[in-house]
Amino acid sequence: MGDKAHTHPGAAGRAQAADRPTSVRNVVLVGHSGSGKTTLVEALALTAGAVNRAGRVEDGGTVSDHDEIEHRQQRSVQLSLVPVEWNGIKVNLLDTPGYADFVGELRAGLRAADAALFVVSAADGVDGSTRMVWDECAAVGMPRAIVVTHLEAARADFEEMTRVCAETFGGDDPDAVLPLYLPLRGPEGPDGHAPVTGLIGLLTRKLFDYSSGERVANEPVGDQVPLIEEARGRLIEGIISESEDETLMDRYLGGEDVDVRTLIDDAERAVARGVFFPVLAAAPAAPGARQGLGTVELLDLITGGFPTPLEHGTPQVTTLDGRPRELKPCDPDAPLVAEVVKTSSDPYVGRLSLVRVFSGTLRADQTVHVSGHGLTDRGHEDHDVDERVGALSTPFGKVQRPVSHVIAGDLACVAKLSRAETGDTLSSKDDPLVMEPWEMPDPLLPQAIEAHSKADEDKLSQGLSRLVAEDPTMRLEQNQDTHQVVLWCLGEAHADVALERLRSRYGVQVDVVPHRVSLRETFGGRASGRGRHVKQSGGHGQFAICEIEVEPLPNGSGIEFVDKVVGGAVPRQFVPSVEKGIRAQARKGVAAGHPLVDVRVTLLDGKAHSVDSSDAAFQTAGALALREAAADAKIHLLEPVAEVSVLVGDDYVGTVMSDLSGRRGRVLGTEQSPGGRTLIRAEVPEIEIGRYAVDLRSLSHGTARFSRRYVRHEPMPPQVAERVKEEARAAS
């Protein structure tokens, strides 16, 4: 945090396997799309590389693992790992997408990290989704710091942004969110904009000038000195108020000049405990420069102030039969417990798993137990198998450097784990364990798809299974009612990436078709029908006649069949045939092709022939009788209704409730939630919320969340039902 001497054993960017947990820092970068996270990661790697390799970033290229999809999307769509080395510490930088559709990648990054770096654009401010992630981190006590980017923007105002951050993130204690450095601007250019050329360290009272492309420490002069004192006093009070030394505040207020080293140590401890959240500034290096502004200060904060993996508790671990297992935190000699935080496919090495080791040591060519994560309800295959670990490596850009082992606290890539999926646990085959899964958002945007050709149809199932193995925020549904293959996603961009990966990675071309909800049909009143199936065309003929009565039943009753035939008009052996035919026709529907439910069908009478009657003939007669009864009856369409729970900021409650009413929704109630938010519960027809995941994001500017659960089927309004029936007739 201060003016440190920087010594870096080994080559920069050469962060390989760590030798002990205390020499690792796992940091996830969080922020909205466009805030500059990926650019910042590149700047940090460049600085680490420049210090140790005379200005050259090792491998000579980008340090971001962008694939073709990210280039086309013009934004990050996946979690990426960039390890660097600073002051002898391996820093695993986990870059996450900022767009809401890829929040699953963000949650994986939060799981793998021990601290979070919130990246905020000085030009754009703090958005609602970033606030929500901050609250999530606060709930689990994750240490955090804030870095302000885009200082070069014409409307950038660092002082105003620090005020906004204190107000937004500080809650009841805005003095817990304070800057460690103030930007120093150079002379105004022709456009009237004064570029940021350096930083003033508030604790050390040192000026760090980056204008030459390298960090040069100087003493502040002239009018720079007054800039420091007021902000420095507030910073010192903020640090001391969080100090574990309760005498420090009295000494400071009594006029004692507290030693700078003491202040830095106290600040670092407060950051590691998650009670003080420093604000820093950063900007990428100019072309040809070796260090980006603020990158040295940021690396110092990460290595000095962020906690080691030893200070981060291990998620709950159980045996396969659910018994809790206590493990010593982050012990390389303890039983192996590691977690797959990301799965991807590499065209050269196949499936590649990014793994965080929480306990023990993972070694190349080791046989491990892979415990499935129980997401079978999302179309994921459940599995508990032993697999041999392939090569271990640590990434740097598109290059994978081999390592022999990975200790507790570190991250690495594992090749050729053919059954492991994102969220799975790796443990000793002799002592299999499973970690409590992290929370994943429910995918609520349906995409119905069909194979583009017969060749695609043959590959579709395997391609989809691989896709959901990589991304636990997707749900694969084979809808038995609509006979559609549905890929449930988090949003339109998420769906676009999924379909593009199907095409580019797995060679499967699909067409998106309209998504159909599972409608039902039922009778609106009593009706009678006569099924006559009589054919004679040489040889054995077909003869079966049956008469039925149909009456509606309460919701959820299904199909009830009653036999009231007397006198053997329908021989006993053919009564089950009539029922079978009726039930088969009910599954196909009688009006618009949707399953018939909630009726009692009574068989009253019929006729048979001693030679020409058969099981098949009476099945056909039963189906004909049901269709005839439907032709003379009023058939109701039943639509599925979901209970929707929307958590939204108070400012948007009226807008959201009005929108729900426009979707034929019935609001059941509201209740206040912490953080100035309201929970709205409503029942809404599912046909009206197919795109609600997209629409709600627009209505609330990305700050609302919702969940849904099926509650029942109920009659569809006549005008809506008639439109659906017309569409069904046109389609047939």
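Computed values, structure above
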item	result
Residues of segment 205-219 classified as in a loop (DSSP other than H, G, I, E, B) and either out of contact with any Asp or Glu (no Cβ under 8 Å at 6 or more places or on another chain) or surrounded by fewer than 20 Cβ atoms within 10 Å (Cβ to Cβ) (or both), total	7
Residue count for segment 697-732, restricted to those that are out of contact with any Gly (no Cβ under 9 Å at 6 or more places or on another chain), surrounded by 17 or more Cβ atoms within 10 Å (Cβ to Cβ) and under 29 Å from Gly675 (Cα atoms)	4
Segment 584-603, residues that are touching a Lys or Arg at 6+ places or on another chain (Cβ under 6 Å) and without any contact (Cβ under 8 Å) to a residue 60 or more places away in the chain	Thr602
Test: residue in segment 657-671 that is touching a Ser or Thr at 6+ places or on another chain (Cβ under 7 Å), open to solvent by less than 10 Å² (accessible area, probe 1.4 Å) and not β-branched (Val, Ile, Thr)	no
Considering residues of segment 423-461 that are touching a His at 6+ places or on another chain (Cβ under 8 Å) and part of a loop (DSSP other than H, G, I, E, B) only, the residue most open to solvent (accessible area, probe 1.4 Å)	Lys429
Candidates Val271, Val279, Val275 - the one that is assigned to a helix (DSSP H, G or I) and within 30 Å of Leu207 (Cβ to Cβ)	Val271
Breaking point among (1) under 22 Å from Gly292 (Cβ atoms); (2) outside any helix (DSSP H, G or I); (3) out of contact with any helix residue (DSSP H, G or I) (no Cβ under 8 Å at 6 or more places or on another chain), for Thr162	(2)
Filtered residues of segment 673-696 (kept if closer than 30 Å to Gly589 by Cα, charged (D, E, K, R) and open to solvent by 30 Å² or more (accessible area, probe 1.4 Å))	Glu686, Glu688, Arg691
Residue within segment 161-184 that is within 32 Å of the chain's Cα centre (by Cα), within 18 Å of His32 (Cα to Cα) and of a type in the set (Lys, Arg) present	no
Within segment 462-549, strands (runs of 3 or more DSSP E) holding 2 or more residues that are modelled with pLDDT of 95 or more and under 23 Å from the mean Cα position of the chain (by Cα)	484-489
Helices (runs of 4 or more DSSP H) wholly inside segment 627-732 containing at least 2 residues that are within 34 Å of the chain's Cα centre (by Cα)	653-662, 692-699
Which listed residue is touching a residue at least 40 places away in the same chain (Cβ under 8 Å), among the acidic types (Asp, Glu), out of contact with any Pro (no Cβ under 8 Å at 6 or more places or on another chain) and surrounded by fewer than 15 Cβ atoms within 10 Å (Cβ to Cβ), from Asp471, Asp511, Asp496	Asp511
Some residue of segment 349-358 being under 18 Å from Leu81 (Cβ atoms), in contact (Cβ under 8 Å) with a residue 12 or more places away in the chain and not in a strand (DSSP E or B)	yes
When residues of segment 620-629 are limited to those that are under 15 Å from Val534 (Cβ atoms) and not polar (S, T, N, Q), the one surrounded by the fewest Cβ atoms within 10 Å (Cβ to Cβ)	Glu628
Counted residues, segment 296-349 - those being open to solvent by less than 10 Å² (accessible area, probe 1.4 Å) and in contact with a helix residue (DSSP H, G or I) (Cβ under 8 Å, 6 or more places away or on another chain)	12
Residues within segment 574-619 that are outside any helix (DSSP H, G or I), of a type in the set (Ser, Thr, Tyr) and open to solvent by less than 60 Å² (accessible area, probe 1.4 Å), tallied	3
Residues (open to solvent by 10 Å² or more (accessible area, probe 1.4 Å) and either part of a helix (DSSP H, G or I) or not aliphatic (A, V, I, L, M) (or both)) located in segment 103-124	Val103, Glu105, Leu106, Arg107, Leu110, Arg111, Asp124
Considering residues of segment 220-255 that are surrounded by 14 or more Cβ atoms within 10 Å (Cβ to Cβ) and among the β-branched types (Val, Ile, Thr) only, the residue modelled with the lowest pLDDT	Ile228
Filter pass, Arg290 being assigned to a helix (DSSP H, G or I), in contact (Cβ under 8 Å) with a residue 40 or more places away in the chain and either open to solvent by less than 20 Å² (accessible area, probe 1.4 Å) or closer than 27 Å to Thr197 by Cα (or both)	no
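The values are calculated or read from the model by the stated rules, or taken from the named source; none is laboratory data. Values in this document were obtained by computation on a predicted structure and should not be read as measured data. Reconstructed Cβ throughout: ideal geometry from the backbone, glycine too, with neighbour counts over all protein chains shown. Calculation scope for accessible area: heavy atoms of the full protein, side chains included, ligands and nucleic acids excluded. Shrake-Rupley method; radii C 1.70, N 1.55, O 1.52, S 1.80 Å.
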